[in-house]
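Throughout, read-outs are computed from the coordinates displayed, never taken from laboratory work. All values reported here derive from a predicted model rather than from experimental measurement. Glycine also receives a Cβ, built like all others from the backbone with ideal geometry; neighbour counts cover every protein chain displayed.
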Amino acid sequence: MNICENPINIAAQNRQATMKSKDLILGHLAAFFAYVIFGLNTIVCKDIANFALLSPIALFCIRSIGAAALFWLLSAFTPKEKVPLRDLGAIFIASMLGLFLTQISFLKAITITTPMDATIVATMTPIMTMFVSAIFIKEPITLKKILGVAISFSGVIFLIFNSVYDSGAVDKSTPLGIGLMILNGLFFAMYLGIFRPLISRYNVVTFMKWMFTFSMVAALPFGASDLLTANYSQFSGKLIADIGFLVIFATFISYFLIPFGQKRIRPTLVGMYSYLQPIIAAIASICVGMDTLTVGKVLAAALVFVGVGVVNKSKARDDK
């Protein structure tokens, strides 16, 4: 050891490196489990749609009301944070991009877009996130990052073209449907790529309670009528359980994990985990007997994880 080096400084640097490593691991785990839940939610949403008792906008209202209530309840047990009016305005914009506009565009798009086309367009989200992050928070676009996104993208496309879709679905996509799916990906990419500095200033619970409050206020004028006229007497135990999973796991827990991960890993990496959704949905379908395991599905999953690993090794803004 160089005699000029201070042992105290070396120890402090080692502690900082260890803490940073733990934060990265926690960030990856948060993004991973959030998108695992989103993948499982694909099967749950199909079940809810089959009951045909709730409109999509009514279902979004239930998600927003339930998540807002849970986050406000949880905030009673966490340290109080005062959010200035300026930041509340920024959180409102984040809520519109990350929740309201994302969901509304998706709910409309899936009614006029084939499942394959919708899924293919959705795979553009990590690519959009990479460019949005470069523009707004100066996250560098490196060769490794481009290569990693391309590898994962190829894995998902390979899975899509080797999957069988419900024959009862839409058989032809409209230009409006494709446009709405592109907007859907762009809205969420902007949320991931722009608001990381804002999210880093606040506790996740504080941030999300305002996010869902704003999305609830925006959604109720469109969905209140459907909520009031729904025939709740026909709700079966299975439908109630599905809605419970949607609110508690696919909304409250997963949307807690997303900003938790955003605070610890780069936006492009968070977006990359969206490629897990079709993989998890395929695995869930296999487990419930709706699909079969093939070499192609295993290869697709491997490509997704290799791509995430390559992006993780690329240089971040701090490294530059």
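So if each residue of separation counts as 0.36 nm, and I subtract the Cα-Cα distance between residue 302 and residue 69, what length gain in nm does that give? Mind dumping the intermediate values first?
Numbers: separation 233, 0.36 × 233 = 83.88 nm, distance 3.86 nm.
The residue 302-residue 69 span can extend by a further 80.0 nm.
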Task: Selected from 134, 103, 122, residue furthest toward positive end of dipole (the range 72-154; charges at beta carbon) - done: 134
Open item on the list: Explain nothing, just compute: Karplus ³J(HN,Hα) = 6.51 cos²θ - 1.76 cosθ + 1.60, θ = phi - 60°, for every residue of the range 240-251 in order, whole Hz, x for Gly and Pro.
Closed with: 5, 5, 4, 5, x, 4, 4, 6, 7, 8, 6, 10
TODO: Please compute the net charge surrounding residue 69, taking Lys and Arg as +1 and Asp and Glu as -1 over other residues with Cβ under 14 Å from its Cβ.
DONE: +2
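Students often check this: by mean Cβ neighbours within 10 Å, which of 250-262, 190-202, 218-230 ranks highest, and how do the rest follow? Each step should come with its number before you reach the end.
Working: 250-262: 22.4, 190-202: 20.2, 218-230: 14.9.
Per-residue Cβ counts within 10 Å, averaged per peptide and sorted highest first, yield 250-262, 190-202, 218-230.
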TODO: Using the Karplus curve 6.51 cos²θ - 1.76 cosθ + 1.60 with θ = phi - 60°, work out ³J(HN,Hα) for each residue of the range 46-52 in order, rounded to whole Hz, and write x for Gly and Pro.
DONE: 4, 4, 4, 5, 5, 6, 6
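Do any of 238/263; 80/145; 20/138; 145/263 go past 30 Å between their Cα atoms, and which? Kindly include the intermediate steps, with their values, before the conclusion.
On the way: 238/263 36 Å; 80/145 38 Å; 20/138 21 Å; 145/263 19 Å.
Beyond 30 Å between Cα atoms: 238/263; 80/145.
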Open item on the list: Could you work out how much longer the chain between residue 231 and residue 24 gets when fully extended? Use 0.36 nm per residue separation minus the Cα distance between them, nm to one decimal.
Closed with: 69.9 nm
Task: Within the range 225-266, backbone nitrogen closer than 11 Å to the virtual label 7 Å beyond the Cα of residue 51 toward Cβ - done: 231-246
- [ ] Provide the per-residue ³J(HN,Hα) series for the range 276-287, in order, calculated from phi with Karplus coefficients 6.51, -1.76, 1.60 and θ = phi - 60°, each as a whole number of Hz, with x at glycine and proline positions.
- [x] 6, 3, x, 5, 5, 4, 5, 4, 4, 5, 5, 5
